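To start, the structure under review is shown below, and the notes come after it.
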Amino acid sequence: EPEVTQTPSHQVTQMGQEVILRCVPISNHLYFYWYRQILGQKVEFLVSFYNNEISEKSEIFDDQFSVERPDGSNFTLKIRSTKLEDSAMYFCASKEGLGETQYFGPGTRLLVL
Amino acid sequence: EDQVTQSPEALRLQEGESSSLNCSYTVSGLRGLFWYRQDPGKGPEFLFTLYSAGEEKEKERLKATLTKKESFLHITAPKPEDSATYLCAVLLYGQNFVFGPGTRLSVLP
């Protein structure tokens, strides 16, 4: 069964460093998303992406964040200068054009020291 | 402000002891309500989508129902492998999900 994959599974970085989280959505899906979940808290929407542009973003998704689809398969989230409060689990999700269901990847656990 | 709440926060059941989880929402422009299961350290796994009041969906020991203000996830004769956090998410007209905080279910053998 097709699934969303994410790499790396864990990332430890120093405050102020740039990180890139990678996702490979399900191959025929057209809509892509990033969410985050701080330990013990709700899953929070960050950004949605369709047709090579951001379609919606939350207040969390400030200028430190960017997304890109550099080729036909990868979808990346970049955090330019990480802060301690960026420590969280980051989930990528994708959905096909017609359905509403978003399928989530296993997540990347980011720890900023 | 769009809000999704879930109750109880945590629930412990004996194997075979049926119960229900609640998801209440106050949102403008509901497109659909989704239930996901999340195991520790993993991504949410899709269970059900409900679009209109009165709709019901079933899968094995789980049944989801929807009214105009809330949804229930009924668990019949649960097994230890049903232990997980169950997340409710509301899909708004902006295409993004608003998640509830989840109900942490433990089913004891």
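The values are calculated or read from the model by the stated rules, or taken from the named source; none is laboratory data. What you see is a predicted model; the values in this text were computed from it and never measured. Glycine also receives a Cβ, built like all others from the backbone with ideal geometry; neighbour counts cover every protein chain displayed. Ligands, DNA and RNA are excluded from the accessible area calculation, which covers all protein heavy atoms including side chains. Shrake-Rupley method; radii C 1.70, N 1.55, O 1.52, S 1.80 Å.
Residue count for the range B:43-72, restricted to those that are more than 18 Å from A:Y103 (Cβ to Cβ), modelled with pLDDT of 90 or more and charged (D, E, K, R): 8. Among residues belonging to the range B:63-74 that are part of a strand (DSSP E or B) and free of Cβ contacts under 8 Å to residues at least 24 places away in the same chain, point out the one that is least open to solvent (accessible area, probe 1.4 Å). Among those that are part of a strand (DSSP E or B) and free of Cβ contacts under 8 Å to residues at least 24 places away in the same chain, it is B:T65. Does A:E59 count as open to solvent by 50 Å² or more (accessible area, probe 1.4 Å), in a strand (DSSP E or B) and free of Cβ contacts under 8 Å to residues at least 40 places away in the same chain? No; evaluated as a whole, the condition is false for this residue.
Sort out which residues of the range A:68-87 are surrounded by 21 or more Cβ atoms within 10 Å (Cβ to Cβ) and in contact with a Lys or Arg (Cβ under 6 Å, 6 or more places away or on another chain), and write them in order of number. Steps first, answer last, please.
Within the range A:68-87, the first condition is being surrounded by 21 or more Cβ atoms within 10 Å (Cβ to Cβ), and the residues that meet it are A:75, A:77, A:82.
Selection gives A:F75 alone.
One residue is enough: does the range B:63-78 have a residue meeting the conditions facing chain A (nearest Cβ under 9 Å) and not hydroxyl-bearing (S, T, Y)? Looking for residues that are facing chain A (nearest Cβ under 9 Å) and not hydroxyl-bearing (S, T, Y), one finds none in the range B:63-78, hence no.
Specify which of the listed residues (A:F65, A:F49, A:F32, A:F45) is within 10 Å of another protein chain (Cβ to nearest Cβ) and either open to solvent by less than 40 Å² (accessible area, probe 1.4 Å) or within 12 Å of the chain's Cα centre (by Cα) (or both).
Working: A:F65 fails: within 10 Å of another protein chain (Cβ to nearest Cβ); A:F49 fails: within 10 Å of another protein chain (Cβ to nearest Cβ); A:F32 fails: within 10 Å of another protein chain (Cβ to nearest Cβ).
It is A:F45.
If we scan the range A:12-24, do we find a residue that is closer than 19 Å to B:F34 by Cβ, open to solvent by less than 80 Å² (accessible area, probe 1.4 Å) and in contact (Cβ under 8 Å) with a residue 12 or more places away in the chain? I'd like the intermediate steps shown before the answer.
Taking the range A:12-24 and keeping what is closer than 19 Å to B:F34 by Cβ, we get none.
Within the range A:12-24, not a single residue is closer than 19 Å to B:F34 by Cβ, open to solvent by less than 80 Å² (accessible area, probe 1.4 Å) and in contact (Cβ under 8 Å) with a residue 12 or more places away in the chain.
Candidates B:A53, B:A77: the one that is small (G, A, S), part of a loop (DSSP other than H, G, I, E, B) and touching a Gly at 6+ places or on another chain (Cβ under 6 Å) is B:A77.
Yes or no: the range B:33-42 includes at least one residue that is assigned to a strand (DSSP E or B), open to solvent by 60 Å² or more (accessible area, probe 1.4 Å), basic (K, R) and at pLDDT below 95. Step through it out loud before you land on a result.
In the first step, residues of the range B:33-42 are kept if they are assigned to a strand (DSSP E or B); the result is B:33-38.
Those still in the list that are open to solvent by 60 Å² or more (accessible area, probe 1.4 Å) too: none.
Within the range B:33-42, none of the residues are assigned to a strand (DSSP E or B), open to solvent by 60 Å² or more (accessible area, probe 1.4 Å), basic (K, R) and at pLDDT below 95.
Pairs linking a residue in the range B:76-104 that is open to solvent by 50 Å² or more (accessible area, probe 1.4 Å) to a residue that is among the β-branched types (V, I, T), with Cβ atoms under 7 Å and 6 or more positions apart or on different chains, are B:K79/B:V107; B:R104/B:T85.
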